[in-house]
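What follows is a set of notes on a single structure, which appears directly below.
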Amino acid sequence: MSPTITAFEQSPDRGRGLARDMPVRWALEEVGQPYDVRLVSFDAMKEDAHRALHPFGQIPTYEEGDLVLFESGAIVLHIAERYAGLLPDDANARARAIMWMFAALSTVEPVVVQREAALYLERDRSWHRERMAMVEERIRGRLTELSGRLGDAEWLDGAFSAGDLLMVQVLRRLSGSGLLGECPNLLAYVARGEARPAFKRAFAAQRAVYTGKPLHGSV
Amino acid sequence: MADLILHTFDWVPEAPRGFVRDLRVRWALEEAGLPYSVKSVPFHDRGAEHFAHQPFGQVPWLTDGDLSIFESGAILLHLAERSEALMPADPRARAKVIQWLFAAHNSVEMASLPWGLIQFTGDTERTPGRKMIDDFLEIRLRRIEPVLAEREWVAGTFSVADIVMADVLRLVDRFDGLRGYPACFDYVERATARSAFMKAHADQVTHFAAAD
């Protein structure tokens, strides 16, 4: 039985694959598991029916039989544990892959979010430039450290894992900022992630929601 | 079984004492009754050895034999695999614990940490950025309040998800941010009344004070 995820009916990211259904779609494509999608409107997300699935009233949610999950990180980990292809078998390597999942969401994403907030809210303020410089310095710090750790490896720890999936997805949010380009190996790392066939299928599927043009033979 | 060694700073300034994230690991280890030791790394001089274990120059990390992992959430999940005091074995229940563990980090702490940092600075200027941070936390607290009102622990029985969620919310409480959220407040009280928390907290504070 295919799981069902929820996604925005009208995504604020306008089909750029930055909403949180994207990593879930990508994970399902990586493991080759077909899935159904229920699109929800902003109004529907405020209703009790959706809140029963997601206490914070957001997307994505994941329904598989009588299991209901929210939190994209938890859903990706659930998929990675249930199906093969996103976590190594070796116990220590598995623990490290999970470590990178948390690193992506708890250590890298917060500084990326700060920049988005500053861009969004304070563009017209006199201190905007100064604040952006401060926020971008913080991001640079994290990127430099991550870049140092990655070195010239293809993925963070051996084979591609759920840790890389979440990290690439977080770093993608910096596209267009110029910051990724300051660490060429990170730029290449993100490009490598986006070049994966599973990424492309997931991207196309969420983009089709935005353009309104259905895919043929979509998963 | 290999030795568990928790690595943290030798010292931190007064303000973050009791809130450094090795607390979550200490708390989990105490709840599970797992033997462990604590090793220090210099706060002021973070060398190559530190970055080799924690690429962002932060703490904590845990060594378990030849495994070394950072990110307190990942460490907690690793420890939870070996103790039902931290997470049930049943796969469904386990999935819920993991859901709330991620929620505590990525949905609640994402809102509470920037808010907490502003409280630390004592900055009271009302900028749009400040308002957004206040609103973000308020939305999250409003959503979690009814959840905590109707259950003792987020995923049913006490788990690693509660260690993180309670630690996240206690930072908000430190600055009186839980006023108006009685269920959140009671939850923090309940969690921090546990002897494992009290020992973990006392141990952390003592550890840093010893280096003064």
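What follows is calculated from the coordinates using simple rules that are stated; it is not laboratory data. None of the values given here were measured: they were computed from a predicted structure. Positions of Cβ are backbone-derived with ideal geometry, glycine not excepted, and every protein chain shown enters the neighbour counts.
Using just the alpha carbons, could you tell me how many Å³ per residue the convex hull of segment A:39-160 encloses?
Numbers: hull volume 18.2 nm³, N = 122.
Normalising the Cα hull of segment A:39-160 by residue number yields 149 Å³.
DSSP loop (so not H, G, I, E, B), at most 13 other Cβ within 10 Å: list which GluC sites (Glu not before Pro) in segment B:142-212 pass both filters.
Details: sites: B:E150, B:E152, B:E189; in loops: B:E150, B:E152.
Passing sites in segment B:142-212 are B:E150, B:E152.
For B:H53, put the label point 7 Å out on the Cα→Cβ axis and report which residues of segment B:12-47 keep their amide N under 12 Å from it.
Inside the label zone: B:37-43, B:47.
One-quarter of the Cα convex hull surface for chain A, in nm²?
Values: hull surface 52.0 nm².
Spelled out: convex hull of the Cα atoms, projected over all directions, averaged, 13.0 nm².
Multiply the residue gap between B:D90 and B:A211 by 0.36 nm, knock off their C-alpha separation, and tell me the result in nm, one decimal place.
Full-extension gain reported as 39.3 nm.
Taking 0.36 nm per residue of separation and subtracting the Cα-Cα distance, what length does fully extending A:M1 through A:A91 add? The partial results should precede the final answer.
Values: separation 90, 0.36 × 90 = 32.40 nm, distance 2.87 nm.
Gain on extension, A:M1 to A:A91, equals 29.5 nm.
Are there GluC sites (Glu not before Pro) in segment A:39-134 that DSSP marks as loop and that have at most 16 other Cβ atoms within 10 Å, and which are they? Please list the in-between numbers first.
Values: sites: A:E47, A:E63, A:E64, A:E71, A:E81, A:E116, A:E122, A:E130; in loops: A:E47, A:E71, A:E122.
For GluC sites (Glu not before Pro) across segment A:39-134 that sit outside H, G, I, E and B with at most 16 neighbouring Cβ atoms in 10 Å, the list reads A:E47.
Over segment A:75-145, one equal point on each Cα, no solvent: what is log10 I(q)/I(0) by the Debye formula at q = 0.15, 0.18 Å⁻¹?
Calculated log10 I(q)/I(0) at the listed q: -0.64, -0.75.
Starting from the Cα of B:L34, step 7 Å along the direction of its Cβ; do the same at B:R142; then give the gap between the two resulting points in nm.
3.9 nm
Given the convex hull over the Cα atoms of the protein assembly as shown, what projected area results after averaging over all orientations, in nm²?
On the way: hull surface 82.5 nm².
Result: 20.6 nm².
Can you compute the FRET efficiency between A:D48 and A:Y210 using 1/(1 + (r/R0)^6), with r the Cβ-Cβ distance and R0 = 35 Å? Round to the nearest 0.05.
With a Förster radius of 35 Å, E is 0.80.
Under a GNM of chain A (C-alpha, springs under 10 Å), which listed residue has the highest mean-square fluctuation: A:L186, A:L146, A:L121?
Highest fluctuation of the listed residues: A:L121.
So what's the back-of-envelope 222 nm ellipticity for chain B, counting only DSSP H runs of four-plus at -39500 (n - 2.57) apiece and dividing by all residues, rounded to 500?
Details: 9 runs with 114 residues, N = 212.
Per the formula, -17000 deg cm²/dmol.
What whole number of Å gives the distance from the Cα centroid of segment B:28-65 to the Cα centroid of segment A:1-30?
36 Å
Using Stokes-Einstein with the Kirkwood hydrodynamic radius over Cα pairs, what translational diffusion coefficient do you get for segment A:91-196 at 37 °C and a viscosity of 0.692 mPa s, in µm²/s rounded to a whole number?
Values: Rh = 14.3 Å.
Taking Rh from Cα pairs, D becomes 229 µm²/s.
Tell me the Kirkwood hydrodynamic radius of segment B:159-212 in angstroms, computed as one over the mean inverse distance between distinct C-alpha pairs.
Working: mean 1/r = 0.0836 Å⁻¹.
That comes to 12.0 Å for segment B:159-212.
Which residue fluctuates most in the GNM of chain A (Cα springs below 10 Å): A:G65, A:G181, A:G148?
Looking only at A:G65, A:G181, A:G148, the largest GNM fluctuation is found for A:G65.
Segment B:91-193: Rg/Rh from Cα coordinates, Kirkwood Rh? Could the numbers behind the result be given before it?
On the way: Rg = 13.7 Å, Rh = 13.9 Å.
Ratio value, two decimals: 0.99.
Considering only DSSP beta bridges where both residues belong to the protein assembly as shown, give the percentage that are antiparallel (nearest 5). Could the numbers behind the result be given before it?
Values: 15 of 25 bridges.
Antiparallel bridges: around 60 percent, rounded to the nearest 5.
Relative contact order (percent) for segment A:91-196, with alpha-carbon contacts under 8 angstrom and 6 or more residues of separation? Walk me through the intermediate numbers first.
Working: 80 pairs, mean separation 40.0, N = 106.
For segment A:91-196, the relative contact order is 38 percent.
Using the count of nearby Cβ atoms within 10 Å as a rough guide to exposure, how do B:K199, B:K131 rank from fewest to most?
Values: B:K199 15, B:K131 11.
Fewest-to-most ranking of B:K199, B:K131: B:K131, B:K199.
In chain B, what percentage of the DSSP-assigned beta bridges are antiparallel, given to the nearest 5? List each step's numbers first, then the result.
Details: 9 of 14 bridges.
Around 65 percent of the beta bridges assigned by DSSP in chain B are antiparallel ones.
So in chain A, what percent of DSSP beta bridges are antiparallel if you round to the nearest 5? Kindly include the intermediate steps, with their values, before the conclusion.
On the way: 6 of 11 bridges.
Beta bridges within chain A, antiparallel portion: roughly 55 percent.
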